[in-house]
1. Just to verify a result, which residue in region 119-146, among those that are part of a helix (DSSP H, G or I) and out of contact with any strand residue (DSSP E or B) (no Cβ under 6 Å at 6 or more places or on another chain), is least open to solvent (accessible area, probe 1.4 Å)?
2. From R160, R194, which residue is in contact with an Asp or Glu (Cβ under 7 Å, 6 or more places away or on another chain) and in a loop (DSSP other than H, G, I, E, B)?
3. Does G128 satisfy the criteria of being free of Cβ contacts under 8 Å to residues at least 12 places away in the same chain and either in contact with a Gly (Cβ under 9 Å, 6 or more places away or on another chain) or within 30 Å of P27 (Cβ to Cβ) (or both)?
4. Does any residue of region 40-49 turn out to be on the phi > 0 side of the Ramachandran plot and either open to solvent by 50 Å² or more (accessible area, probe 1.4 Å) or outside any strand (DSSP E or B) (or both)?
5. Pairs, please: C-beta under 7 Å, at least 6 apart or cross-chain, first residue more than 13 Å from E79 (Cβ to Cβ) and in region 182-193, second of a type in the set (F, W, Y)?
6. Just one of A31, A35, A106 is modelled with pLDDT of 95 or more, within 19 Å of S141 (Cβ to Cβ) and in contact with a helix residue (DSSP H, G or I) (Cβ under 9 Å, 6 or more places away or on another chain); which is it?
7. Does T65 fit the bill of being hydroxyl-bearing (S, T, Y) and without any contact (Cβ under 8 Å) to a residue 24 or more places away in the chain?
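The values are calculated or read from the model by the stated rules, or taken from the named source; none is laboratory data. Since we're looking at a predicted model, the values are computed, not measured. With ideal geometry, Cβ positions are generated from the backbone for all residues, glycine too; neighbour counts draw on all protein chains shown. To get the accessible areas, we keep the full protein, side chains included, count just its heavy atoms, and leave off ligands, DNA and RNA. Shrake-Rupley method; radii C 1.70, N 1.55, O 1.52, S 1.80 Å.
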Amino acid sequence: MPEIKVRKFVTVVEEILHEGGPPATVPPRRAVVAAVIENPYAGAYIEDIIALMDDLKPLGIEMATRLVKALGGDAAVVEGYGKGAIIGEAGELEHGALWHNPGGYAMRELLGGAKAIVPSAKKVGGLGTKIDIPITHINASYVRSHFDAIEIGVGDAPRRNEMVLILAMTTGPRVHARVGGLAAADIKAGDGLR
């Protein structure tokens with residue numbers, strides 16, 4: 001199994017006071033952490049790549065922990081999440097798919113067994129490529145107020161033989177959410193949907 005070689009971490013936190021409407025009583029925060037890692041499969045087609053998922057699990061836990069810390073240190077304030085990957089040009093899209101389990105389950109574990117699927121985005125790109133990380137409520141994907149996204153890019157990554165692995169968390173709905181649908185207070189089922 002390959003050793004995970006991290007070149008750098010990038011953490012960004014946003015606090016949204018308003019979007020042109022009244023100031024929020026409690027401004028929601030969005031945070032994203034990116035890890036720039038060496039892609040052990042860059043440059044060649046390798047059939048069996050699945051072992052990397054297990055190797056990425058400790059990185060997923062570390063990144064999820066960094067996010068909770070960036071949002072104040074209390075996992076109970078987290079209401080939304082998402083994940084993604086940018087794969088350098090010598091890699092392939094499937095290498096980013098290896099992040100689904102380690103990234104998603106790390107956040108679910110740290111957040112006490114969140115129910116909803118962790119939305120994801122991935123793409124192949126060069127230095128400075130940006131990506132929108134989709135975000136949904138941690139316990140019910142149909143909570144419309146929490147449909148969101150946060151953009152991230154790293155100026156000097158990914159290099160051809162690297163991947164940028166990304167996790168995102170939010171502390172609440174969009175600052176002026178008012179389009180109806182299922183409210184977070186009305187989540188009933190434990191299936192991660194409603």
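1. Start the filter on region 119-146 by keeping residues that are part of a helix (DSSP H, G or I), which leaves 144-146.
Now restrict to residues that are out of contact with any strand residue (DSSP E or B) (no Cβ under 6 Å at 6 or more places or on another chain): 144-145.
Details: R144: 101, S145: 26 Å².
Residue satisfying both the conditions and the ranking: S145.
2. The match here is R160.
3. no
4. Yes, region 40-49 has at least one match.
5. L182/Y142; L193/Y142
6. Of A31, A35, A106, the one residue that is modelled with pLDDT of 95 or more, within 19 Å of S141 (Cβ to Cβ) and in contact with a helix residue (DSSP H, G or I) (Cβ under 9 Å, 6 or more places away or on another chain) is A106.
7. In short, no.
For every residue, the table says whether it meets (1) modelled with pLDDT under 95; (2) over 23 Å from A106 (Cβ atoms); (3) of a type in the set (V, I, T); (4) open to solvent by 40 Å² or more (accessible area, probe 1.4 Å).
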{"residue": "I152", "(1), (2), (3), (4)": "no, no, yes, no"}
{"residue": "L165", "(1), (2), (3), (4)": "no, no, no, no"}
{"residue": "H176", "(1), (2), (3), (4)": "yes, yes, no, yes"}
{"residue": "A185", "(1), (2), (3), (4)": "yes, yes, no, yes"}
